[in-house]
Structure formats: C-alpha cells, structure tokens
Amino acid sequence: MGGASAEFDEGGATAPPGEGVLARGLRVFVAIAERGSTNAAAVASELDIPVSTVYRLLRTLREAGLVVERDNEYRVSRTFANIATVRLDNEVLSDAARPALEWLSAQTGETSNLLVRSGLSAYCVHEVESQRGEGPRLPIGQPMKLHAGAEHRVLLAFAPAPLVDAVIGGGLPNYTVSTPSAPSLRSSLELIRQRRLAVSHGEYLPGVVAVGVPVFVHHRFVCSVGVAGPGERCNDEWIRATAGVLAKTSLTLSDLLATA
C-alpha cells in the first residue's frame, strides 16, 4: 500500500507520519527547556504523546546528560546549559572581534587570535592569518593547556586562584625546552597581572614568539587577544611595537564587546 506509514508508539498510539524517535526526543527536550521544569505527564499532554513514550525518551535524554530529574520534575542539565552558553558567547566574540583582529594582523604583519577560557582549558575562537600566508596557527575550538604561550598564560593570570592551583597541581606538559615550570609560571602570572601583558618565546610552538594582552568588559575579564609569528621576524623591536598595537586593540574590543 503506497504513502507514508504511521509509526506506532507504546500503547497503540501513532506518531505523526515521518516523525522518528529522534524528532520526538527533540520535541520533549524543547518542551522541558521552554517550561524550565516540568513532569512527564505535562509533557505528554502538551505534545499528545503517550506518557509511557515520554518516560522512555526522558530516560534516554537523562542518560545522555541533557536533562536531570528531581522529585519527578525534569529540567535541562547544567552541563548542557553551560555548553550552549559558552558556544553562543564564543560565536558572539568571534563575530565582534573579526574587524579588530584583521586590523591587528595588518598592523603587525603576523597572525592574530582571540582566546577564551572554559574550565581548565584555553580555546581559540577566532584567528586571522598573517598576510604572508605563513606562520603559527592555533586549532580553532579545540582545548589547549593554559600554561604555555602568551595568550594562554593571560587567561590563566586572570583566572581564580583555585583554578590556577588546579592547573599547576595537575601537571604542566613540556611542549618545548622553553615551556615554563611551576615556579616560573607562578611568578610570570603575577607579572602579567601587573603589566597586563605577556610575551612568550617558543613556549607552546618551537620558534614562535607571541604577545598577548587581556580584554575587559565593564571591568570583567573576558578573553585574551594576541599576535604570534616566527622568531626570525619577531625581534625585540617588533615585540615593543606589537605591545602598543595590542593595547589599542584591547580597548577597541572592550568597546565592541560591551555592545555586542
């Protein structure tokens, strides 16, 4: 017999033609997110799905870490909410920062990037490559350690003290011979907070010089912005000039992000 066939739920009820388990699971998840907190019976009534099916879908959502249950009430998990918020914030940062990073790369001649911290990791959310088409590149959206590299250490310098202790206590991988040890790292973090500037020489990537500064929005630390290039091009004079350009970029980003 031609045409779309209806899919039967538990109890003999039918789901809309073409709607599979994933689609119904998403409908249940959205219903919970919109209500803030609700129970299975309310979801079943709202979506016209058998309550036994709702319980089965809720079990799957709970096992996936998307919802949590307490006293028969379901809500979106904090883990999912945090991930969604971080992703949204990073997209806003990337869009707002693009013109400033393009200007920064044009002024310094090297690759510029913007990093944020989430937990114990640094993430590059936007990067503008050197016009020369060569130079260091950071992985976009991939977790990196906080202790090596100028832009990374800026994130760590302005992190809460317990987090700094957790990073150092968790061990510091040696990427190069210049990767800082725990004692030198602690002293460098204090200097970064005082100067609002970090410089690294081959700490994260061999032969790469990087300069990074913090960005504040309404006196709240938000992210780090930096420039990196090969050591043969990035001498002391370049570092001094880049530090000045980065200071201007930080103020520009602060204004842009305040209205983003």
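Bear in mind these aren't lab numbers, they're just calculated from the coordinates by the rules spelled out. Bear in mind that the values here come from a model prediction, so they are computed numbers and not experimental data. Note: ideal-geometry Cβ built from the backbone for every residue, glycine included; neighbour counts use all protein chains shown.
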- prompt: Hey, what do the phi angles of the stretch 143-160 turn into as Karplus ³J(HN,Hα) couplings, whole Hz, using 6.51/-1.76/1.60 and θ = phi - 60°, x for Gly and Pro?
  reply: x, 10, 5, 9, 8, 10, x, 4, 5, 5, 5, 4, 4, 6, 4, 9, 8, x
- request: Mind giving me the FRET efficiency for R59 and K248? R0 is 51 Å, r the Cβ-Cβ distance, nearest 0.05 is fine.
  value: 0.40
